[in-house]
Amino acid sequence: MTTQEAADVLNVSRPHLVKLLELGQIPQLPKVGRHRRVSRAAVLKYKRARDAQREPVLKDLAALSQRHRLGY
């Protein structure tokens, strides 16, 4: 998939996705000319890992919000 398609799946900007690729957080396929390509499986694996990291924090925020009756 293209970097823009991968960025859309992750709901991040294309420059941020490129940064993730350069940091090696998402493996990239060999370039096609000057264009980067990313496997759909690698993007979905990163998304699952990111979501798993975020879930406990979001649950804590939701509990805190309810405890303080913030109405979110």
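Numbers below:
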{"item": "Cut-off under 5 Å, modelled amide H: who pairs with SER39 long-range", "result": "LEU29"}
{"item": "Ranked packing of 25-32, 47-54, most packed first, by mean Cβ within 10 Å", "result": "25-32, 47-54"}
{"item": "Per-residue ³J(HN,Hα) for segment 21-35, Karplus 6.51 cos²θ - 1.76 cosθ + 1.60, θ = phi - 60°, Hz, x for Gly and Pro", "result": "5, 5, 7, x, 6, 10, x, 10, 7, x, 5, 9, x, 9, 9"}
{"item": "Eligible lysines near LYS47 by straight Cα distance, threshold 20 Å, same-chain separation 8 or greater", "result": "LYS19, LYS59"}
{"item": "Among SER13, ALA63, ALA42 - extreme Cα towards positive end, dipole of the chain, charges at beta-carbon", "result": "ALA42"}
{"item": "Separation in nanometres of the label points that stand 7 Å from Cα toward Cβ, at ARG54 and LEU29", "result": "2.5"}
{"item": "Cα-derived Rg to Rh of the chain, Kirkwood definition", "result": "1.17"}
{"item": "Per-residue ³J(HN,Hα) for segment 40-49, Karplus 6.51 cos²θ - 1.76 cosθ + 1.60, θ = phi - 60°, Hz, x for Gly and Pro", "result": "4, 4, 5, 5, 5, 5, 4, 4, 4, 5"}
{"item": "Summed side-chain charge close to GLN25 - residues other than GLN25 whose Cβ falls under 10 Å, Lys, Arg +1, Asp, Glu -1", "result": "+1"}
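Every read-out reported here was derived from the displayed coordinates using simple, explicitly stated rules and does not represent laboratory data. Treat the numbers as computed from the prediction; the structure is a model and nothing was measured. We place every Cβ from the backbone using ideal geometry, glycine too, and count neighbours over all the protein chains shown.
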